[in-house]
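For reference, the structure is listed below as structure tokens.
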Amino acid sequence: EAQLVQSGGGLVQAGGSLRLSCAASGFTFDDYAIGWFRQAPGKEREGVSCISSSDGSTYYADSVKGRFTISSDNAKNTVYLQMNSLKPEDTAVYYCAAVLITVVAGCENGWEYDYWGQGTQVTVSS
């Protein structure tokens, strides 16, 4: 079946870096956009960054522009989120998710997305 398997979370000090991975299987990777979303305790889920696996177009939330980079390795069916200059405000559970490109989904909160990874905790200490 379709699945997204995440790795790369952890604990890091403010200013540090972390790379998250999202490995996809069970569906045609090039037909989907992949998004990274996060949810902190007591807060709504929010979009962080999204990418089209077919044409490579990207989106970033204003809060992470210049610090985070999303990329896709189609040969490995894997999407990455490189997170640099991490801040305590970045602390959250991070999820990757997939949606058909034809849905023309946004990157606001992920409600349109069909497949979800298991989530990984990112904690940034001050």
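Values in this text are rule-based calculations from the coordinates and carry no lab data. As the structure is a computational prediction, the values presented were derived from the model and not from experiment. Note: ideal-geometry Cβ built from the backbone for every residue, glycine included; neighbour counts use all protein chains shown.
Can you tally the net charge around A33? Count Lys and Arg as +1, Asp and Glu as -1, for every other residue whose Cβ sits under 10 Å from the Cβ of A33. Before the final figure, lay out the partial values.
Details: positive: none; negative: D31, D55, E112.
Result for the neighbourhood of A33: -3.
Averaging Cα coordinates gives a centre for the range 87-101 and one for the range 1-22; these two points are 9 Å apart. Could you pull out which residues in the range 30-47 have an amide N less than 17 Å from a spot 7 Å beyond the Cα of D62, following the Cα-Cβ vector? Counting only backbone N, you get 46-47. In summary, the convex hull built on the alpha carbon positions of the chain has an orientation-averaged projected area of 7.0 nm². As an exercise, identify the trypsin sites (Lys or Arg not before Pro) in the range 1-103 lying in DSSP coil whose Cβ has no more than 14 other Cβ atoms within 10 Å. Sites meeting the loop and neighbour criteria: K43, K65.
Charge dipole of the chain (Cα centre as origin; +1 on each Lys and Arg Cβ, -1 on each Asp and Glu Cβ, all else neutral): 500 debye, rounded to the nearest 20.
Among residues other than A2 whose Cβ falls under 12 Å from its Cβ, what is the net charge (Lys/Arg +1, Asp/Glu -1)? Residues close to A2 contribute a combined charge of -3.
Please give the FRET efficiency for V104 paired with N84, using the beta carbon to beta carbon distance and R0 = 35 Å, rounded to the nearest 0.05.
Details: r = 30 Å, r/R0 = 0.85.
With R0 = 35 Å, the Cβ-Cβ based efficiency is 0.70.
Can you check what the net charge comes to around G110, using other residues whose Cβ is under 15 Å from the Cβ of G110 (Lys, Arg +1; Asp, Glu -1)?
Values: positive: R38, K43, R45; negative: E44, E46, E108, E112, D114.
Around G110, the surrounding residues sum to -2.
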